[in-house]
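Following: one structure in structure tokens, then a few remarks.
The values are calculated or read from the model by the stated rules, or taken from the named source; none is laboratory data. It should be emphasised that the depicted structure is a prediction, and the values quoted were computed from it without experimental measurement. Here the Cβ positions follow ideal geometry from the backbone for every residue, glycine too, while neighbour counts run over all protein chains shown. Accessible surface is based on the protein model in full, side chains and every heavy atom, while ligands, DNA and RNA are left aside. Shrake-Rupley method; radii C 1.70, N 1.55, O 1.52, S 1.80 Å.
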Amino acid sequence: MKIEEEVKQKKFRNEQHKAIINLFFTNNWVSSQIKDLLKPHQITLQQYNVLRILNGQAPNEVSIQDIKERMLDKMPDVSRIIERLRKQKLIEKHTNSTDKRSVKVTISQKGKDLLENLQHYHEKMDQTLHRLTQEEAMQLNQLLDKIRSK
């Protein structure tokens, strides 16, 4: 469906304004699709992102600052997300004995198992863009990278 129909607006200042509205709307739509896939597993999109970061670094410990820098969503309170994951036993926190402020994190076996169980969802996640050909997806990636380039 066209963005004009989705937001019930026919006029935009220009094509750039329309593109920005379209990006916001589409981002929210894609996020909603993925949140629905994660909901039965009782984790949020941000928690899933942290688990994937930790899994990619395993067996190495990762600082909270490193996680924050690699997050897709730069806004969340990473310490709060880490604590929730720890309570669910999906990660393990390690405090430096000499510097209590220095906290490192690793994914637990339960966290690895959860990610393993979510593997079959990756195809469903990819299906959110099923209307795009491989070439169109590549072009979209290039355009999005171009928007963010300095």
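For this structure, a couple of remarks:
- Scanning region 14-27 for residues that are loosely packed, with under 11 Cβ neighbours inside 10 Å and under 28 Å from Leu115 (Cα atoms) returns a single hit, Asn27.
- Filter result (among the β-branched types (Val, Ile, Thr) and within 15 Å of the chain's Cα centre (by Cα)) within region 17-42: Thr26, Val30, Ile34
- Residue match in region 54-64 (condition: modelled with pLDDT under 90, open to solvent by 50 Å² or more (accessible area, probe 1.4 Å), in contact with a helix residue (DSSP H, G or I) (Cβ under 7 Å, 6 or more places away or on another chain) and closer than 29 Å to Thr128 by Cα): no
- Of all residues in region 97-109, those that are surrounded by 11 or more Cβ atoms within 10 Å (Cβ to Cβ) and either under 20 Å from the mean Cα position of the chain (by Cα) or part of a loop (DSSP other than H, G, I, E, B) (or both) total 5.
- First in region 73-84 and closer than 18 Å to Lys35 by Cβ, second anywhere and open to solvent by less than 20 Å² (accessible area, probe 1.4 Å), Cβ under 7 Å, 6 or more apart: Ile81/Gln47; Ile81/Val50; Arg84/Gln47
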